[in-house]
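Everything below concerns the one structure shown next.
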Amino acid sequence: MAALRRNARRKKRGKGAGWSLLAWITVLAFFFPVLWMVLTAFKHEREASTDPPTLLFSPTLEQFQAVIGSGMGMTLLNSVFATVVSTAFVLLLGVPAAFALSLRPVKKTQDVLFFFISTKMLPIVAVIIPLYVIVNEIGLLDHIWVLVILYTAMNLPIAVWMMRSFFLEVPPELLEAASMDGAGLWTAVRQVILPLISPGIAATALICMIFSWNEFFFAVNLTAVRAQTGPVSLVGFITGEGLYWARLSAASTLAALPVVIAGWIAQNKLVRGLSFGAIK
């Protein structure tokens, strides 16, 4: 019996090691293009276009200086403004809505939830012409605030659904206990409920930031020069003269860096938020 148990443990360890190896191979396969992009960004243009690729090179910041000098810095600032402000609006509107649809449900809650999520079912290409006409008529064409409004509307349904699931994991007895102690509704929410679901709010905010930062369709059709965002400016590095791989890689690295930094800062809360309520 002891020998059988030892054999079973060895098989289990071997199976676990095999899955771990497969997981590492998969992660490295997905991460390698990103790593290659970052390495190419530090090359001279002649080194980035060689065949076979140049593996040993002297790093340079020439491409980053050229990208920033081309005006991409301003487009990244536009992206930062639209992303941060729209995410703040999403949280300001989404937290009360999610609370009302979970711990303090309103009439026809399911109808409201279906309406929220149904707004994501319409292809954005089907609404771009009326949106363009409306934005042009109210004088917001090529204005950063039109992107703030659209990004807020785009992310709000997802945020409400996500945060509602987090609110549902909070025992209603906590609100009852707080009210018995004399705390008002706002005090109970601010001091009891929100600290509990802060990982979920952080995860929601980060996902909304990623969606807003990467959004391209609205930005390319409703902006031109003043409100151009980072993803749109990347297209400008693809010219009729050919692809400048090192410069394009530097621009892509700069465009991806803010989201990577935000995810790294919020990684603990992100993991806790995405697994919130998974284990009771």
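Can you give the longest stretch of the chain with no exposed loop site, where a site means GluC sites (Glu not before Pro) in a DSSP loop (not H, G, I, E or B) with at most 15 other C-beta atoms within 10 Å? Mind dumping the intermediate values first?
Values: sites that count: E169, E241.
Counting at most 15 other Cβ atoms within 10 Å as exposed, the longest clean stretch of the chain is 1-168.
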* Where N is the number of residues in the range 23-136, Cα Rg divided by 2.2 N^0.38 Å -> 1.74
* Structure fact -> The whole-number value in µm²/s of the Stokes-Einstein translational diffusion coefficient for the range 66-274, with Rh from the Kirkwood sum over alpha carbon pairs at 4 °C and 1.567 mPa s, is 68
* Asked: Dipole of the chain (Lys/Arg Cβ +1, Asp/Glu Cβ -1, origin at the Cα centre): which of G263, T60, S249 lies farthest to the positive side?
  -> G263
* Structure fact -> Of every Cα-Cα pair in the range 144-218, the percentage lying beyond 18 Å is 51
* What is the projected area of the convex hull of the Cα atoms of the range 26-73, averaged over all directions, in nm²? -> 4.2
* To do: For a quick protection proxy, order the peptides 29-35, 206-212 by their average other-Cβ count within 10 Å, most packed first.
  => 206-212, 29-35
* To do: Any chance you could list the semi-axes, whole Å, largest first, of the equivalent ellipsoid that the Cα gyration tensor gives for the range 85-154, using √(5λ)?
  => 28, 16, 9
* Asked: Once Lys and Arg get +1 and Asp and Glu get -1 on their Cβ, which of T26, F114, F89 lies farthest toward the positive end of the dipole of the chain?
  -> T26
* Structure fact -> If every Lys and Arg gets +1 and every Asp and Glu gets -1 at its Cβ, then about the Cα centre the chain yields a dipole, in debye to the nearest 20, of 1800
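For the chain, what does the helix formula give at 222 nm: sum of -39500 (n - 2.57) over DSSP H segments with n ≥ 4, over the residue count, nearest 500 deg cm²/dmol?
Details: 14 runs with 198 residues, N = 280.
Dividing the helical sum by the residues of the chain leaves -23000 deg cm²/dmol.
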* Structure fact -> Filtered hits (aspartates and glutamates, Cα-Cα < 19 Å from K43, offset >= 8 within chain) -> D51, E62
* Structure fact -> Taking the alpha-carbon centre of each part, the distance from the range 113-129 to the range 153-206 in Å is 26
* **Calculated from backbone phi, Karplus (6.51, -1.76, 1.60) coupling profile of the range 205-219 in Hz, x at Gly/Pro** => 4, 5, 5, 5, 5, 5, 4, 5, 5, 8, 4, 10, 5, 4, 5
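Computed from the coordinates by the stated procedures, all read-outs in this text should not be read as laboratory data. Predicted model, so just to flag it, every value in this text is computed and none were measured. All Cβ positions, glycine included, derive from the backbone under ideal geometry; neighbour counts span all protein chains shown.
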